[in-house]
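Trainee: Once you've had a glance at the structure underneath, I'll fire off some questions.
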Amino acid sequence: MKITEQENPNLPKLREKTLKLTTSAGCYIMKNKNGDIIYIGKAKNLKNRVSSYFRAGQDHLPKVYQMVSHVYDYDFICTDSEFEALVLECSLIKQHKPKYNILLKDDKGYSYIKVTNEEYPRISAVMQQEKDTSTYIGPYTSSFAVRQAVEEAIKVFKLPTCRKKFPQDFKKNRPCLNYHIGLCMGVCRGNISKQEYNQNIKDAIDYIKDGSKNSIKNLTRQMQNASEQLNFELAIQLRDKISAIEKVAESQKIIDEDISDCDIFAIVANAERAIASLLVYRRGRLCDKADFDIGQPDEPSLMREQLLVQYYSNSGKTPPANIFIDFEITNAEIITEFLREKRKKAVHIICPKRGEMLRLVEMAQKNASEYLSIKTENSKGKELLALDQLTRLLGLKKPPEFIECYDISNFASENIVAGMVVYQNGKPCKKLYKRFLIKTVKTQDDYACMREVIKRRFENYKNNIADNISNGFEIMPDLIFLDGGQGHVNTIAPLLKQMGISVPVFGLVKDSKHRTRAIATGGAEISVSKNVLAFNLITNIQDEVHRFAVSYLKKVHKKGQFSMTLTQVEGIGEKRAIKLMTHFKTIENLKSATKQELAKIAGVGEKTATLLYEFIQKL
């Protein structure tokens, strides 16, 4: 989006001021007409960075566009280095909380683990302490982590989850389904002693507090002691508990002693909003989770840099040795130096490409996408995550809200048509689909047909904008896909540039079985098979545009065949037959037409109109 002087009349003054700006490192402080600070940023070169906001014709992301439209003046503070600028920026943001900076709003409260005070205690996750005799462990800042830990402990130690009261309800009813499938020890049968049950509760609490590795050590020691005392029944029970812990540890990511202390960040965004998710691992356990509403999305690298700086500055948290992120950041070196100063020890920022840590980063992405779906109407987490993957894959500045895809379809050189499908926020928007009957190309030439379609589409866009017409063509897409390879992209990209349309364009390449194989950029191909959600989205788009184009082709071909049938009527030639079908569109409409209507459209006399009417009624 380009800012104009009509939207911000102060731009000439700001450009003139910026010409005299220093090239040293420092912070710039944007202010609105009332003198309020609305944005604070840092720069290695103040002149270059600030100039980019006010340069004529500069294309901005929506968030930056809105900010620049409100800038009336700015101040700056010079520093000796970019690192000093980063520290100063962080301090100023914390002090002034500018509207357009990341402020990390989250919805978290505190959670506790509740252990009831009764003969047969129960363990549960609760949001607050009550004034009762129960024991509360906590507080924990993540209800998610508390819930997960309690569920795992109940599963491992086969604790009851029913509402029965013990010992009052011993043997009153048959055991529940959980007992029969091995998920409950069956206290209700009355065969579990209070001592044995309370030992299980103690083991479960130790498991929650200390993790599986320490629990296995303690239980193994108890099992060995039981064996030495020839208490083989107890030893078998302890062995089964150890096996249950090991089995659960293999299949979940909540507790894993092989994971060193680390924080895991991921951001998922759509066209209007970005959400960050944080997973905190300490002592091999997921001990905290947080979601932050970042607001309008910005450049991917910049969002993550600001997220790391603001989180560790404002939360008072000490950075761990390893921080995992889902996107490579540009200024990794200076951000690492900043975090190292906070920790007083080495800090590593890592963007994993494979292995267990990549799976945890993907878990953070999934959490962010699900949180974003809650904030976004009519969107699911999987769709948002697919768009996020596609954005990264294609190197886009922001997730595309509107994706258009085009396909050409024909029978030999006859009845050449094209289909345009539109996906909005990852879902098909059928009311915006468009069909094109190729007018200027008479031979089988995909490139020429695609040129005609794209040219007509964006001529319609310009006309609609000029005349304030709303029929779908007035929407500018964020991304264009062409059903074809590099040749299609190399044909269309120069045409779009010539028409003054700045939209990324890519080709969708199929294999010999008509399945999506790769994305063509015009000079190379991008493999999509490893990005499952993005791959599925692209495949769906390609299949949908092919279906839409082919269905239109069949309709046109059928109409053409029927128009040729009308030439059997004396006085109706090929041109008049086509004219009739173009006007009435369907056989049903033709049959409903009066003789006078047929005569008017075909341009024939009463006699020919009567013959035509009688012929149509017999069909």
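Trainee: Taking residue 185 and the conditions (1) under 38 Å from the mean Cα position of the chain (by Cα); (2) in a loop (DSSP other than H, G, I, E, B), which numbered condition does it fall short on, given that it satisfies the others?
Mentor: Among (1) under 38 Å from the mean Cα position of the chain (by Cα); (2) in a loop (DSSP other than H, G, I, E, B), the lone unmet condition for residue 185 is (1).
Trainee: Just one of the numbered conditions (1) assigned to a helix (DSSP H, G or I); (2) out of contact with any Asp or Glu (no Cβ under 6 Å at 6 or more places or on another chain); (3) more than 15 Å from residue 351 (Cβ to Cβ); (4) not small (Gly, Ala, Ser) is not true of residue 333; which one?
Mentor: The number of the failed condition is (3).
Trainee: Restricting to the range 566-609, what's the tally of residues that are in a helix (DSSP H, G or I) and not aromatic (Phe, Trp, Tyr)?
Mentor: Count: 29.
Trainee: Go through the range 368-407 residue by residue and tally those that are more than 15 Å from residue 273 (Cα to Cα), of a type outside the set (Lys, Arg), touching a helix residue (DSSP H, G or I) at 6+ places or on another chain (Cβ under 8 Å) and assigned to a helix (DSSP H, G or I).
Mentor: Count: 4.
Trainee: Which residue is surrounded by the fewest Cβ atoms within 10 Å (Cβ to Cβ), if the candidates are limited to the range 4-21 and must be part of a loop (DSSP other than H, G, I, E, B) and touching a helix residue (DSSP H, G or I) at 6+ places or on another chain (Cβ under 6 Å)?
Mentor: That would be 5.
Trainee: Still on this structure, please answer the following. Kindly provide the set of residues from the range 456-471 that are on the phi < 0 side of the Ramachandran plot and exposed (fewer than 15 other Cβ atoms within 10 Å of the Cβ), ordered by number.
Mentor: 459, 462, 463, 465, 466, 467, 469, 470, 471
Trainee: Quick one: in the range 152-195, of everything that is farther than 19 Å from residue 243 by Cα and hydrophobic (A, V, I, L, M, F, W, C), which residue is surrounded by the fewest Cβ atoms within 10 Å (Cβ to Cβ)?
Mentor: The selected residue is 177.
Trainee: To continue, here is another question. How many of the residues making up the range 412-455 are within 19 Å of residue 499 (Cβ to Cβ), basic (Lys, Arg) and either within 31 Å of the chain's Cα centre (by Cα) or surrounded by fewer than 18 Cβ atoms within 10 Å (Cβ to Cβ) (or both)?
Mentor: So the answer is 3.
Trainee: Look through 410, 425 and report the one residue that is of a type outside the set (A, V, I, L, M) and over 18 Å from residue 537 (Cβ atoms).
Mentor: 410
Trainee: Would you mind telling me which numbered condition in (1) over 36 Å from the mean Cα position of the chain (by Cα); (2) closer than 16 Å to residue 58 by Cα residue 35 fails?
Mentor: (2)
Trainee: Determine, yes or no, whether residue 114 is surrounded by 12 or more Cβ atoms within 10 Å (Cβ to Cβ) and either of a type in the set (Lys, Arg) or at pLDDT 85 or above (or both).
Mentor: Yes, satisfied.
Trainee: Go through (1) modelled with pLDDT of 85 or more; (2) of a type in the set (Gly, Ala, Ser); (3) not assigned by TED's automatic domain parsing to the domain that holds residue 606 for residue 592 and report which single condition fails.
Mentor: Tallying (1) modelled with pLDDT of 85 or more; (2) of a type in the set (Gly, Ala, Ser); (3) not assigned by TED's automatic domain parsing to the domain that holds residue 606, residue 592 fails exactly one: (3).
Trainee: Quick check on residue 59: is it within 19 Å of residue 32 (Cβ to Cβ), of a type in the set (Asp, Glu) and out of contact with any Leu (no Cβ under 9 Å at 6 or more places or on another chain)?
Mentor: When the stated conditions are applied, residue 59 does not pass them.
Trainee: If I go through the range 301-330 residue by residue, how many of them are touching a Cys at 6+ places or on another chain (Cβ under 6 Å) and assigned to a loop (DSSP other than H, G, I, E, B)?
Mentor: Within the range 301-330, residues that are touching a Cys at 6+ places or on another chain (Cβ under 6 Å) and assigned to a loop (DSSP other than H, G, I, E, B) number 3.
Trainee: Another question about this same structure. Only one of (1) at positive phi; (2) not in a loop (DSSP other than H, G, I, E, B) is not met by residue 519, so which one is it?
Mentor: (1)
Trainee: Scan the range 408-425 and tell me whether some residue there is part of a loop (DSSP other than H, G, I, E, B), closer than 24 Å to residue 504 by Cβ and not β-branched (Val, Ile, Thr).
Mentor: Yes, that holds for at least one residue.
Trainee: Let me ask you something else. Can you tell me which residues in the range 234-252 are charged (D, E, K, R) and either exposed (fewer than 15 other Cβ atoms within 10 Å of the Cβ) or modelled with pLDDT of 85 or more (or both)?
Mentor: 240, 246, 247, 250
The values are calculated or read from the model by the stated rules, or taken from the named source; none is laboratory data. No experiment lies behind these values; they were computed from the predicted model shown. Backbone-built Cβ (ideal geometry, glycine too); neighbour counts: all protein chains shown.
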